[in-house]
Structure formats: C-alpha cells, structure tokens
1. Mind listing whichever residues of the stretch 214-229 are within 16 Å of SER129 (Cα to Cα) and either part of a helix (DSSP H, G or I) or without any contact (Cβ under 8 Å) to a residue 12 or more places away in the chain (or both)?
2. Give the stretch 90-139 a look and list any residue that's modelled with pLDDT of 95 or more, under 24 Å from LEU49 (Cα atoms) and either part of a loop (DSSP other than H, G, I, E, B) or among the acidic types (Asp, Glu) (or both), or say none.
3. Would you please name the residue that is surrounded by the fewest Cβ atoms within 10 Å (Cβ to Cβ), looking only at residues in the stretch 217-245 that are β-branched (Val, Ile, Thr) and touching a Lys or Arg at 6+ places or on another chain (Cβ under 8 Å)?
4. I'd like to check something: does the stretch 177-199 contain any residue that is at pLDDT below 70 and buried (at least 19 other Cβ atoms within 10 Å of the Cβ)?
5. Where residues in the stretch 67-87 are outside any loop (DSSP other than H, G, I, E, B) and under 19 Å from ASP50 (Cα atoms), which of them is most open to solvent (accessible area, probe 1.4 Å)?
6. Scan the stretch 155-164 and tell me whether some residue there is open to solvent by 40 Å² or more (accessible area, probe 1.4 Å), of a type in the set (Val, Ile, Thr) and modelled with pLDDT of 95 or more.
7. If you scan the stretch 31-66, which residues turn out to be assigned to a helix (DSSP H, G or I), modelled with pLDDT of 95 or more and open to solvent by less than 60 Å² (accessible area, probe 1.4 Å)?
8. Looking at the structure I just gave you, is GLY250 at positive phi, without any contact (Cβ under 8 Å) to a residue 40 or more places away in the chain and open to solvent by 30 Å² or more (accessible area, probe 1.4 Å)?
Amino acid sequence: MNRKGDRGIVCPKGAKIAVNDLDINKAEDVVREIRGFQGDAESFPGNVLDEKFPPQLVNTVLQRWGKVNCLINNAGFCHDSAIHKMDEDKFDIIMKIHNYVPFRMTRALSGHWMDSAHKDMPKTVINVSSTSGLHGSMGQINYATAKAGVVGLTKTIASEWARYNIRANAVAYGWIDTRITCPPTESKPMMLGGQSIRHGIPESAKKWRDVSDIPLGRPGSADEAARVMLFLASPLSSYVTGTCIECTGGRFM
C-alpha cells in the first residue's frame, strides 16, 4: 500500500481484501488497519516477481474465499538512471515488475473468471500506470516505457475479456505522496534480483517537485489515489472499461 498520512479517512466498503506485499510486516500493518475499521482482510505475503507466485496467490485466495471480483495490480518501484547510464539489468527489472507481474496476475485468474459459472459475477482489473508513461519522464526511461506498456496491457484485457463480463482500466497517477515519491534519503534500500533498489525521487528533481504546474497546487494523498480505485472497483463504474484515468491534480491536462 505504501501510504503516508490521511489514515483516518479510509473506511471499509464491504469487500474482503487480500493484501500482498514482499514485506510481511507491511502487509500485516495494512490488514490491522483495515480490521480496525471493521473491515475483512488477510495478508498473503510473497514475491510477485517469482513467476510461480501469482498462480499460487490466486489459488490460495480462492481456497480462502471462493471467488475474486477485483484484481488491483499496484506492485511497483522506480530504479532510475539517465539513458546513457541505464544498464539492461536495471531496465529489465522495471519491465518485469510493471509489465510481467500484472500480466501473470491477470492470466492466473483466467480459469476462474472465464468459467461459465461466473459469467454474471462482476469482475474487474485495475492496473496502475503513471504520467511518466503517458508523457515521458527524464531519468526514467525504464519506468516510463513500462508504465506506457501498462496502458496497452489494460486495453487488451478489456478488449479480449469483455465477453466474459470482465472490465479492465488503468489509473495514471501524478505526484502522490507515498514512499515512492519521497526523497531517497528517507527510504531504506531493498534487495531484489541481486540489485539494491531505493525508493524515492531525488530532491534535485526540482521541476518534478515544483507544484506550480499542478492546478490544485499540491501533491495528492494515498487516500485520494485509492478513491479512484474504489470507483473503478465498484458498480458505479459498471460501464467503464478500457480507459486510463489520470489522477494528477490537473497536471498535464
């Protein structure tokens, strides 16, 4: 979830929520928070970069609750470099987390969702893109390329699976106040695939951190970001599919 602040606003909406994180402690923190609002949630920790894990996760959730109505693919991180300094390992791991993982998670649900017994059950995929994918971003050629790919992935799911009553949409976020947008000095590095990866946008990225081109004049909060997903997961968006909603405070409009 990678959230900061605004914790008092979230309230349960009746869903049973399966929380996945690489860090079991962070997953359990989110579960406790949801339960604190009388919501129903369980943690299912594990590394989604492991190609065997997505089907295992889906099967475990199905064994626990019997069905899945909504998949939110929001695992991700940045691993930035200028083009001439970007090595292929750094490029590759970003493509894997932002493209391979949502593809594998979606594919893992295909048997359950394409089953004729579930043809009338509401089913929706929500993928996380970024304004970097829509407009490009200096120093983020790997991330921008991957996030552009998320939009194509989403539209293809929407096209192929509409006949199964499955909707798919993406959300392109701008500056949302989370760990991934804090200065790197405020985060601890994590090891993935033999690479040391640190969250954050450098303080030197002054143009990106300048709010003068955000009409609302501030970054968004994690709860504001989540409300867009809540809309897409709910019956309020029952005729919305194959689109990418920009949640940016007006930046880039």
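1. Of everything in the stretch 214-229, those that are within 16 Å of SER129 (Cα to Cα) and either part of a helix (DSSP H, G or I) or without any contact (Cβ under 8 Å) to a residue 12 or more places away in the chain (or both) turn out to be ALA222, GLU224, ALA225, ALA226, ARG227, VAL228, MET229.
2. Scanning the stretch 90-139 gives ASP92, LEU109.
3. VAL240
4. Yes, the conditions are met somewhere in the stretch 177-199.
5. Top of the filtered list is ILE72.
6. Yes: one or more hits.
7. Passing the criteria: VAL31, PHE53, PRO54, PRO55, LEU57, VAL58, VAL61, LEU62, TRP65.
8. No, not satisfied.
The values are calculated or read from the model by the stated rules, or taken from the named source; none is laboratory data. Source: prediction; values computed, not measured. Positions of Cβ are generated from backbone atoms using ideal geometry, with glycine treated the same way; all protein chains shown enter the neighbour counts. Note: areas computed on protein heavy atoms with side chains; ligands, DNA, RNA excluded. Shrake-Rupley method; radii C 1.70, N 1.55, O 1.52, S 1.80 Å.
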